[in-house]
Amino acid sequence: MNIFVGNLAKEVTEQDLQTLFGECGSVRSVKIIKDLFSGESKGFGFVEMPGAADAQKAIKELNTRDLKGKKITVNEARPREDDRRRGGHKGHGGGHRGGNTGNRGGGRRGW
């Protein structure tokens, strides 16, 4: 079962989550979501536990637990909606910007 973990302090590492969730059972994987440019934690992540009983135990016991000064949110992850990645409005493509773009000086240079 995939578990969402939110309200993470910036200092929390994947190893911290591995250790914490390991108290409740077997952990298959841990992933903290990070900003693409800065590499800094976005404050949430996911833990995958192979056993449903262990996952439910983790959700029950770890939700609102203090971790590095913040009360974390732990619940079952919802299926991802891919509309965000497609661009445009409500998942529709970004469209084509036809027409003359004019001369923007993008020609070959003599470097």
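The values are calculated or read from the model by the stated rules, or taken from the named source; none is laboratory data. Since the structure is predicted, the reported quantities are computational estimates derived from the model, not experimental observations. Reconstructed Cβ throughout: ideal geometry from the backbone, glycine too, with neighbour counts over all protein chains shown.
Can you pull out the residues in region 49-72 that are surrounded by fewer than 16 Cβ atoms within 10 Å (Cβ to Cβ) and out of contact with any Cys (no Cβ under 7 Å at 6 or more places or on another chain)?
Passing the criteria: 50, 51, 52, 53, 60, 63, 64, 65, 66, 68, 69, 71.
State all residues of region 7-32 that are aliphatic (A, V, I, L, M), assigned to a strand (DSSP E or B) and either in contact with a Pro (Cβ under 8 Å, 6 or more places away or on another chain) or more than 16 Å from residue 70 (Cβ to Cβ) (or both); if no residue qualifies, say none.
30, the sole residue that qualifies.
Please determine whether any residue of region 55-70 is within 14 Å of the chain's Cα centre (by Cα) and modelled with pLDDT of 95 or more.
No; the residues of region 55-70 include none that is within 14 Å of the chain's Cα centre (by Cα) and modelled with pLDDT of 95 or more.
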